[in-house]
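The values are calculated or read from the model by the stated rules, or taken from the named source; none is laboratory data. Bear in mind the structure is a predicted one, so any value in this text is a computation, not a measurement. Neighbour counts run over all protein chains shown; Cβ positions are idealised from the backbone, glycine included.
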Amino acid sequence: MKIKDLKYNYKTDRDTRFFGAEIVTPWGAGREAVHRIETIRRPVRVPVEGGEMTISDVGYTWYQLALRERHVWLSAAFDDTGALIELYFDVTAGNDFTDPENPCFRDLYLDITVAPDGRIRVLDRDELEQALAEGEITQTEHDGAAAHCAALELWLREHWREAVAFCRERKDALCREL
């Protein structure tokens, strides 16, 4: 099971400029950060329907949001022109703020992506089931992950534009601090 943090460097072969800050959002309080990719050995591409999508390259920016008392972690990827690539929500076992400067989370496998046109996809249901079968997570964690994912998906169907606008606004604000 993966543990990720706010200063998480998706691939170790890149350098970023980083800025993080406390934030209060309509959905709760937490910490946000922006990563501006300065150098990278090679672009990071992920499979999507019909091909691949670049999510990390020189000039790309990632906005991240970790909220206290929530079971989701948001990452928003923007290309070198500032265009949104996607919103990516990790379903978590809760966000850990033991280190308030660098919160972290334990990934519970399920993810939700939101494309710039509002298409929503739930990913990795098979990984959640496999983790349960192999004893990596408990039935309670499995059921909690499924419930948090379903609630977020339902909310996003009505509010995806609001989430996209929020990420754009916060990314731009934090980039001014870099």
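Looking across region 70-116, the residues that are surrounded by fewer than 20 Cβ atoms within 10 Å (Cβ to Cβ), in contact with an Asp or Glu (Cβ under 9 Å, 6 or more places away or on another chain) and of a type in the set (Gly, Ala, Ser) come down to GLY82, ALA93, GLY94, ALA115.
Just for region 2-58: of the residues that are part of a loop (DSSP other than H, G, I, E, B) and under 16 Å from the mean Cα position of the chain (by Cα), which one is modelled with the highest pLDDT? Residue satisfying both the conditions and the ranking: TRP27.
Taking the criterion of being surrounded by fewer than 19 Cβ atoms within 10 Å (Cβ to Cβ) and either more than 21 Å from TYR109 (Cβ to Cβ) or in contact with a Leu (Cβ under 8 Å, 6 or more places away or on another chain) (or both), the residues of region 143-156 that qualify are GLY144, ALA146. Quick one: would you say ALA66 is at pLDDT 90 or above, surrounded by 13 or more Cβ atoms within 10 Å (Cβ to Cβ), of a type outside the set (Phe, Trp, Tyr) and touching a helix residue (DSSP H, G or I) at 6+ places or on another chain (Cβ under 9 Å)? Against the criterion (at pLDDT 90 or above, surrounded by 13 or more Cβ atoms within 10 Å (Cβ to Cβ), of a type outside the set (Phe, Trp, Tyr) and touching a helix residue (DSSP H, G or I) at 6+ places or on another chain (Cβ under 9 Å)), ALA66 does not qualify.
Please work out if GLN130 is free of Cβ contacts under 8 Å to residues at least 40 places away in the same chain, surrounded by 12 or more Cβ atoms within 10 Å (Cβ to Cβ) and polar (S, T, N, Q). Yes; evaluated as a whole, the condition is true for this residue.
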